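Worksheet: one structure, shown below.
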Amino acid sequence: MKQLYACKNCHWLTKEKVCPHCAVPTSKRWRGYVIIDDPSNSQIAEKMNIKKPGKYALKVR
Amino acid sequence: MTDAAMDDKEPTKIFSIKTQVGKEQNTADLLNSRSKRSDLDVASILVTPELRGYIFVEGYDKERLKDVIKTISYARTVLDGDIPVSQIEHFLVPTSAVAKISEGDVVEMVAGPFRGETAKVTHIDDAKEEITVELFESVVPIPITVRGEQVRVVKRKDEDKKEE
């Protein structure tokens with residue numbers, strides 16, 4: 001599996017070195033993994049303040 | 001079904017799934033792709049580094065979930081009952097690894113080449129979540145910088161003062 005990088009701002013996981021949403025440099029040092037499919041009905045997405053479906057890291061350094 | 005009826009879904013439940021240790025992320029990815037192929041409605045999947053061998057799945061139908069995880073070899077069972085979101089809230093907002101460490105504390109290295117050795121904390125870098133320590137057993141004090149997760153506090157600086 002190709003290395004995933006996490007956006008330092010929105011925690012979005014991507015294969016790119018720059019976040020496609022925030023244009024912020026991404027980091028390969030991240031922990032925790034969240035897949036959000038339905039942000040409008042998810043309690044976890046609400047707590048994490050996530051509006052877009054996708055894969056996210058819990059913690060990015 | 002109308003859009004209004006679709007938006008008015010019942011509240012989600014959070015189920016925990018026992019998985020093979022170290023395969024939590026793979027299980028989450030597989031479950032995500034299988035749920036899209038089958039009619040399993042999953043709102044989110046959570047993998048926390050603190051809890052090895054378990055993942056949390058936010059969904060509606062536990063029986064359907066049980067059927068789907070039978071096709072995933074890394075997944076073992078769905079645990080009985082569902083978990084209130086308040087119980088997993090602390091996983092979602094992780095605290096800094098160095099938050100509970102202060103300068104002067106005695107720590108034990110739990111990982112890395114100095115595993116098992118005790119040391120004194122001399123400096124803390126909050127931004128990088130790294131700490132600088134001096135090993136007790138080294139003859140010459142050499143500062144070593146390690147990650148905050150690699151140590152465990154064995155004695156606090158305050159405890160030392162109380163004993164004196």
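The values are calculated or read from the model by the stated rules, or taken from the named source; none is laboratory data. All figures in this text were calculated on a predicted structure; none of them were measured in a lab. No Cβ is skipped: glycine too gets one built from the backbone with ideal geometry, and neighbour counts run over all protein chains shown. Ligands, DNA and RNA are excluded from the accessible area calculation, which covers all protein heavy atoms including side chains. Shrake-Rupley method; radii C 1.70, N 1.55, O 1.52, S 1.80 Å.
List of remarks:
- A straight line joining the Cα centroids of segment B:6-35 and segment B:114-164 runs 39 Å.
- Our helix-only sum for chain B, with -39,500 (n - 2.57) per DSSP H run of n ≥ 4 divided by its residues, gives a mean residue ellipticity at 222 nm of -7000 deg cm²/dmol.
- Residue-normalised accessible area of chain B, expressed per residue, 1.4 Å probe, Å²: 59
- Global geometry of segment B:3-92, whether rounded, prolate or oblate, following the gyration tensor of its Cα atoms and the 1.5 cut on a/c: oblate
- A Stokes-Einstein calculation at 10 °C with viscosity 1.306 mPa s, built on the Kirkwood radius of chain B over Cα pairs, returns a diffusion coefficient of 83 µm²/s.
- Within 10 Å of the Cβ of each residue in B:48-57, the mean number of Cβ atoms contributed by other protein chains is 2.
- The convex hull built on the alpha-carbon positions of the protein assembly as shown has an orientation-averaged projected area of 16.1 nm².
- Relative contact order of segment A:5-60, pairs being alpha-carbon contacts under 8 Å that are 6 or more residues apart, as %: 39
- When chains A and B come together, the accessible area they lose, probed at 1.4 Å and totalled over both chains, is close to 2400 Å².
- Charge dipole (debye, nearest 20) of chain B; +1 at Cβ of Lys and Arg, -1 at Cβ of Asp and Glu: 700
- Portion, in percent, of the accessible area of chain A that falls on carbon or sulfur, probe 1.4 Å: 49
- For A:TYR33, the shell of other residues with beta-carbons less than 11 Å away shows a net charge of +1, using +1 for Lys and Arg and -1 for Asp and Glu.
- Charge tally around B:ALA75: other residues with Cβ under 12 Å, Lys/Arg +1 each, Asp/Glu -1 each, net +3.
- If R0 equals 35 Å, the separation of the Cβ atoms of B:THR71 and B:GLU117 corresponds to a calculated FRET efficiency of about 0.15.
- The relative contact order of segment B:29-140, computed from alpha carbon pairs under 8 Å that lie at least 6 residues apart in sequence, is 14 percent.
- Mean projection area, nm², convex hull over Cα of segment A:5-60: 3.3
- Measuring nothing but protein heavy atoms, the accessible surface of segment B:106-157 at 1.4 Å probe radius is 52 percent carbon and sulfur.
- Anisotropy class of segment B:106-157 from Cα gyration tensor, a/c 1.5 cut: rounded
- Other residues whose C-beta falls under 9 angstrom from the C-beta of B:ARG64 contribute a net charge of -3, scoring Lys and Arg +1 and Asp and Glu -1.
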